[in-house]
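Peer 1: Would you mind keeping the following structure in view while I ask a few things?
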Amino acid sequence: MDVVEYIQANKAQFFADLKEWLAIPSISGDPSRHDDVRRSADWLADYLRGLGFPTVEVWPTPGLPAVFAEWPAADPDAPAVVVYGHHDVQPVTPLEEWDTDPFTPVERGDQLVGRGTSDDKGQVFFHTLGLRANLAASGADAPPVTIKLLVEGEEESGSVHFAELLRAHRDRLAADAVIISDTTMWAADVPSMCTGMRGLTEAEVTLRAADVDLHSGSFGGAVPNALHAMVELLAKLHDADGRVAIPGFYDDVVPLTDEERELFARLPFDEDAWLRTAGNSRAAYGEAGYTTLERIWARPTAEINGMWGGHTGPGGKTIVPREAHAKISFRLVAGQEPAKVRDAFGAWIEANAPAGTEVEVHTEGGGVRPCFSPIDSAGVAAARRAMEKAFGTQVLFTREGGSGPEADLADILDAPLVFVAVGLNDDRIHAPNEKVEMPLLLKGAEAAAYLWDELATALR
């Protein structure tokens, strides 16, 4: 029996088992559901034991548990691969906008609807079918590479204990590559692989011009206005070409290659349609010299997320406000470090503070580091071959603007990332009526079945 025959013969049971897992409301962000997150981990662990994994463990954290499973290759010299995903899910509010119970998954034609179907239980689960198909097709008792599953329980609430978990188990997680199945493709008929995700760091700026608010008739026009000063300051954050004006901001950015830009350009991107999905934005905007896709995938940004100060209540209040505030976020790309960007921003604020004002920059947390996989790396090339064999067509490349724990995986495990996923941008992840395309989950399983043989050769 070949891979496709096995998957078709076992798809009904695959979806029945997936529905059972999806019915567990493993919402990590809701303390009242934490026991359900633990139950989800136990369910997956039991399932993987039944599948034949020789080692299956639930790894506790100070928060919620992860699941680890390992199936060694028969060849002790074979490469080892970590497959990462998460079993926790987003909250389901507003519940009234769901057409069906979010934890009673239902089939609608080719779609499976329910929380976690795409993000990320469905995409974790296709690996189980893919592994079984690989073994059935080869007739072997063990995969061609050592497979280590690591399924996190806190991704949807910030992965707050994940880096600590990786460091604690670094030796057992040693691998030649990390497979990420928590992203999307361009479209069902345009298969693609993600090659990077942007990082994130944030800051809050407070600017003071006086100790108290002042009467605008007595003092207006004669002393600095904190809101005017904040507007003046932040107007300098970008130059006329839309580039961030902080010295050194771009120094560490890994530039797009000509091949990547050419492959991005092959994607059937309709900018007018995209603008409609962007809240009916009136125009595309950003750093000169780059396309919209390049800007949101591969170029860093500085965004003013909010500004406030002075009088914002009903009616007038003729004052010169004493202080102003703003929240700024930076999306970072390959090569950039959150701490370095925050330090550069703080220095820039100090150097550019308008005369007669005092400025403070407050930051919290370490930020999220960006991650990146070169398209010519051995792992990415192997995964692309596996995807193309499954989909029967050329596989293109994308990146994603969001942020996750992938950089920790790459850095702590010192292993390259390879993204293999079949979600779609219209899967409504994090929203009511989340869905996944069932034929794509089966294609994901097929690609995973081919992937292990490809990596067994490519990573030696």
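Peer 1: Pick out the long, greasy-scoring helices in the chain: whole DSSP H runs spanning 27 Å or more along their own axis by Cα, mean Kyte-Doolittle at least 0.5.
Peer 2: Helix filter hits for the chain: 438-458.
Peer 1: I want to make sure I understand the PRE zone here: with the label point 7 angstrom from the Cα of Ala163 toward its beta carbon, which residues in segment 356-371 have backbone N atoms less than 18 Å away?
Peer 2: 363-371
Peer 1: Oh, and also: Enumerate the calculated ³J(HN,Hα) couplings along segment 236-250 in order (Karplus 6.51 cos²θ - 1.76 cosθ + 1.60, θ = phi - 60°), each rounded to whole Hz, writing x wherever the residue is Gly or Pro.
Peer 2: 3J(HN,Hα) across segment 236-250, in whole Hz: 8, 5, 10, 8, 5, 9, x, 8, 5, 8, 6, x, x, 4, 9.
Peer 1: Let me ask another. State the answer as a single residue: which of Ala203, Pro191, Ser181 lies farthest towards the positive end of the charge dipole of segment 165-204, with beta carbon charges of +1 for Lys and Arg and -1 for Asp and Glu, about the Cα centre.
Peer 2: Going by the charge dipole, the pick is Ser181.
Peer 1: Go ahead and estimate [θ] at 222 nm for the chain from helices alone: -39,500 (n - 2.57) per DSSP H run with n ≥ 4, summed, over the residue count, rounded to 500.
Peer 2: That comes out to -10500 deg cm²/dmol.
Peer 1: Quick one: putting +1 on the C-beta of Lys and Arg, -1 on the C-beta of Asp and Glu, what dipole do you get for segment 266-382 around its Cα centre, in Debye to the nearest 20?
Peer 2: Computed charge dipole of segment 266-382: roughly 240 debye.
Peer 1: In segment 418-460, whose amide N lies under 12 Å from the spot 7 Å out along Cα-to-Cβ of Val190? List them in ranges.
Peer 2: Label zone hits: 425.
Peer 1: Once R0 is set to 30 Å, what does the formula 1/(1 + (r/R0)^6) return for the Cβ-Cβ distance between Val4 and Asp376, expressed as a FRET efficiency to the nearest 0.05?
Peer 2: Efficiency, from the Cβ-Cβ distance: 0.55.
Peer 1: Give me the one-decimal nm value for the distance between modelled label points at Thr292 and Asp110, 7 Å along each residue's Cα-to-Cβ direction.
Peer 2: 2.5
Peer 1: Among [x] -0.59; [y] -0.31; [z] -0.25, find the value of log10 I(q)/I(0) by the Debye sum over Cα atoms at q = 0.06 Å⁻¹ that was calculated from the structure presented, and write down its label.
Peer 2: Given [x] -0.59; [y] -0.31; [z] -0.25, the calculated one carries the label [y].
Peer 1: Something else: Mind counting lysine pairs for me in the chain? Cα separation below 13 Å, and the two need to be 8 or more apart along the chain or on different chains.
Peer 2: Details: Lys11/Lys19; Lys11/Lys443; Lys19/Lys121; Lys19/Lys435; Lys121/Lys435; Lys389/Lys443.
Close lysine pairs found across the chain: 6.
Peer 1: Which length gain, in nm to one decimal place, applies between Tyr285 and Asp211 when the Cα-Cα distance is subtracted from 0.36 nm times their residue separation? Write out the running numbers ahead of the final one.
Peer 2: Working: separation 74, 0.36 × 74 = 26.64 nm, distance 3.84 nm.
Gain in length upon complete extension: 22.8 nm.
Peer 1: Quick one: dipole size for the chain, taken about the Cα centre, charges +1 on Lys/Arg Cβ and -1 on Asp/Glu Cβ, in debye to the nearest 20.
Peer 2: That gives a dipole near 380 debye.
Peer 1: Are there GluC sites (Glu not before Pro) in segment 329-397 that DSSP marks as loop and that have at most 11 other Cβ atoms within 10 Å, and which are they?
Peer 2: In loop regions of segment 329-397 (DSSP not H, G, I, E or B), the sparsely surrounded GluC sites (Glu not before Pro) are Glu364.
Peer 1: Mind listing the long-range amide H neighbours of Ile27? Cut-off is under 5 Å, sequence gap 5 or more, other chains count too, H placed in the peptide plane at 1.01 Å from N.
Peer 2: Val37, Val89
Peer 1: So what J values fall out for segment 318-335 if you push phi through Karplus, 6.51 cos²θ - 1.76 cosθ + 1.60 with θ = phi - 60°, rounded to Hz, Gly and Pro as x?
Peer 2: 7, 10, 9, x, 6, 8, 9, 9, 8, 10, 10, 10, 10, 8, 10, 10, 3, x
Peer 1: Rank-order 247-256, 419-428 by packing density, defined as the average count of other C-beta atoms within 10 Å over each peptide's residues, highest first.
Peer 2: Answer by packing, highest mean first, reads 419-428, 247-256.
Peer 1: Here's something else I'd like to know. Going highest first, how would you order 212-222, 102-112 by mean Cβ packing within 10 Å? Kindly include the intermediate steps, with their values, before the conclusion.
Peer 2: Numbers: 212-222: 11.9, 102-112: 15.9.
Per-residue mean Cβ counts within 10 Å order the peptides as 102-112, 212-222.
Peer 1: Tell me, in nm to one decimal, what length is gained between Ile304 and Ala74 on full extension, where the rule is 0.36 nm per residue of separation less the Cα-Cα distance? Numbers along the way, then the final one.
Peer 2: Details: separation 230, 0.36 × 230 = 82.80 nm, distance 5.41 nm.
Taking Ile304 through Ala74 to full extension adds about 77.4 nm, to one decimal.
No value in this document is a laboratory result; all are computed from the given coordinates. Worth saying up front: this structure is predicted, and the values here are computed from it rather than measured. Quick reminder, even Gly has a Cβ in these numbers, built from the backbone with ideal geometry, and neighbours come from all protein chains shown.
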